[in-house]
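Structure first, commentary second.
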Amino acid sequence: MSAPLALSQPVICVVGATATGKTALAQALAEIIDGEVVSADSMQIYRGMDIGTGKIPPCERTVPYHGLDICDPGTPYSAALFQILARTCFDDIETRGKRSVLCGGTGLYLRAALDDYDFPSGTQVENPVRERYARLLEQRGALAVWNMLASIDPASAALIHPNNTRRVIRAFELLSEGRRYATLHEGLAQLEQIVPAIFIGLAVDPPLLNKRIDRRVDAMIEDGLVDEVKNLLDQGFHDGVTAPQAIGYKEIVAALEGRLSFDEAIERIKIATHRYAKRQRTWFRKDARIQWLCADSQDTEQLAYRACTELLQ
RNA sequence: GGCGACGUGGCCAAGUGGUAAGGCAGAGGCCUGCAAAGCCUUCAUCCCCAGUUCGAAUCUGGGCGUCGCCU
């Protein structure tokens, strides 16, 4: 249990699926309330990943930003690190007498920042246990490793599908730290929010959003996504574990390496983004704290006005 | 006009007499540190008509359509 963050005013939290207009609204709100934006985006964290992540270009920034360009794509990052970063930002911004606008689409990062998530092992990202079980998985298969988990920690195993190898490994990691996945999972529903916040969700009709996504992907290509990826590859992009999984990057890498045509790559980026947006929708849908605004129209001024008058009193 | 091939869910595609594989997309869902990741669930009666047969997506005939070649 962590102590609640003492902020004089709640963090304004702009959430929603990709391409719904979060960035524009967050900046508009920050301007109005004299705030600073804290980005909660697992990929905008990375330096040099700009076009493909939809990062707002420096020349368009009208307020201070945090949570962008924190580390190189080759460096591992995690929700636990973001938790510390975000809370430090909230504190600092408070100290400066300003307000925080948290903006992002990475659901886990948002919850890590605002709710009482307790990550064992602090900030250490790499864990030898992960490596060991990954190897075991290759040798013996998913079911065998899951069975191992079931024999020593049946409660946790019961919560994890055998095919969900990532989480099976995570359960072993937790065991090695004397924690149980099941115990943490139990507390999930009653996790307390320890940072005061107002949640504004941007909702866009899914078919409309998909069209918007398609247009945005085409624009990214026109804006030079391919060159951006080439540069990253020169800088050892492949060494990263998280960054190379980013939509828009893995596909272009495949095209550059001749495993895909560029047309196929672009098509896959669009589809992957549609699916990502869908997952974001399911994640946010169940969070009762979110107050939804229809963002079918992309009129930022009007959205900001409505947010201020309807949701921020 | 002739000859040949083909016609299975939104797309790709198995199945050649025994009651519709699979993949992709879509939809729904899960979630405490790789989360733009990972995982789960779900989704057709086989172009139409007539026939053969206990039984047809699978065989026969006709129609329609598509593609290819030829004139």
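List of remarks:
- Within region A:70-85, residues that are under 14 Å from A:Ala246 (Cα atoms) and touching a residue at least 12 places away in the same chain (Cβ under 8 Å) have Cβ atoms under 6 Å from residues that are near RNA strand B (Cβ under 10 Å from one of its atoms) and aliphatic (A, V, I, L, M) in these pairs: A:Pro73/A:Ala243; A:Pro76/A:Val125; A:Pro76/A:Val241; A:Tyr77/A:Ile45, counting only partners at least 6 apart in sequence or on another chain.
- Condition broken by A:Cys89, with the remaining ones in (1) in a loop (DSSP other than H, G, I, E, B); (2) open to solvent by less than 40 Å² (accessible area, probe 1.4 Å) satisfied: (1)
- Condition check for A:Phe262: at pLDDT below 95, among the aromatic types (Phe, Trp, Tyr), open to solvent by less than 70 Å² (accessible area, probe 1.4 Å) and away from RNA strand B (no atom under 12 Å from the Cβ): no
- Residue count for region A:192-213 satisfying the condition of being surrounded by 16 or more Cβ atoms within 10 Å (Cβ to Cβ) and either more than 11 Å from RNA strand B (Cβ to nearest atom) or part of a strand (DSSP E or B) (or both): 11.
- Qualifying residue in region A:300-311 (condition: open to solvent by 90 Å² or more (accessible area, probe 1.4 Å) and in contact with an Asp or Glu (Cβ under 7 Å, 6 or more places away or on another chain)): no
- Here A:Gln44, A:Gln9 are screened, and the one residue that is closer than 19 Å to A:Asp223 by Cβ, assigned to a loop (DSSP other than H, G, I, E, B) and touching a Lys or Arg at 6+ places or on another chain (Cβ under 6 Å) is A:Gln44.
- Residue count for region A:40-64, restricted to those that are open to solvent by less than 20 Å² (accessible area, probe 1.4 Å) and on the phi > 0 side of the Ramachandran plot: 0
- The set of residues in region A:227-237 being surrounded by fewer than 22 Cβ atoms within 10 Å (Cβ to Cβ) and within 13 Å of RNA strand B (Cβ to nearest atom) consists of A:Glu228 alone.
- Members of region A:122-143 that are open to solvent by less than 50 Å² (accessible area, probe 1.4 Å) and either in a loop (DSSP other than H, G, I, E, B) or under 17 Å from A:Leu175 (Cβ atoms) (or both): A:Gly122, A:Val125, A:Asn127, A:Val129, A:Tyr133, A:Ala134, A:Leu136, A:Leu137, A:Gly141
- Contacts under 7 angstrom Cβ, first residue in region A:294-312 being of a type in the set (Lys, Arg), partner open to solvent by less than 70 Å² (accessible area, probe 1.4 Å), 6 or more apart: A:Arg306/A:Leu293
- Condition met for A:Leu256 (more than 9 Å from RNA strand B (Cβ to nearest atom), open to solvent by 30 Å² or more (accessible area, probe 1.4 Å), touching a residue at least 24 places away in the same chain (Cβ under 8 Å) and over 29 Å from A:Glu126 (Cα atoms)): yes
- Residue within region A:70-80 that is in contact with a helix residue (DSSP H, G or I) (Cβ under 8 Å, 6 or more places away or on another chain), in a helix (DSSP H, G or I) and within 9 Å of RNA strand B (Cβ to nearest atom) present: yes
- Residue within region A:278-288 that is within 16 Å of A:Ile200 (Cα to Cα), more than 14 Å from RNA strand B (Cβ to nearest atom), surrounded by fewer than 18 Cβ atoms within 10 Å (Cβ to Cβ) and in contact (Cβ under 8 Å) with a residue 40 or more places away in the chain present: no
- On the stretch given as region A:95-121, residues that are more than 8 Å from RNA strand B (Cβ to nearest atom), open to solvent by less than 50 Å² (accessible area, probe 1.4 Å) and part of a helix (DSSP H, G or I) total 3.
- Residues in region A:238-250 that are of a type in the set (Asp, Glu) and open to solvent by less than 10 Å² (accessible area, probe 1.4 Å): there are none.
- Restricting region A:179-191 to residues that are at pLDDT below 90 and assigned to a loop (DSSP other than H, G, I, E, B), the residue that is nearest to RNA strand B (Cβ to nearest atom) is A:Leu188.
The values are calculated or read from the model by the stated rules, or taken from the named source; none is laboratory data. Just so we're clear, the structure is a prediction, and the values are computed from it rather than from any experiment. Positions of Cβ are backbone-derived with ideal geometry, glycine not excepted, and every protein chain shown enters the neighbour counts. Keep in mind that these areas ignore ligands, DNA and RNA; they rest on the heavy atoms of the full protein, side chains included. Shrake-Rupley method; radii C 1.70, N 1.55, O 1.52, S 1.80 Å.
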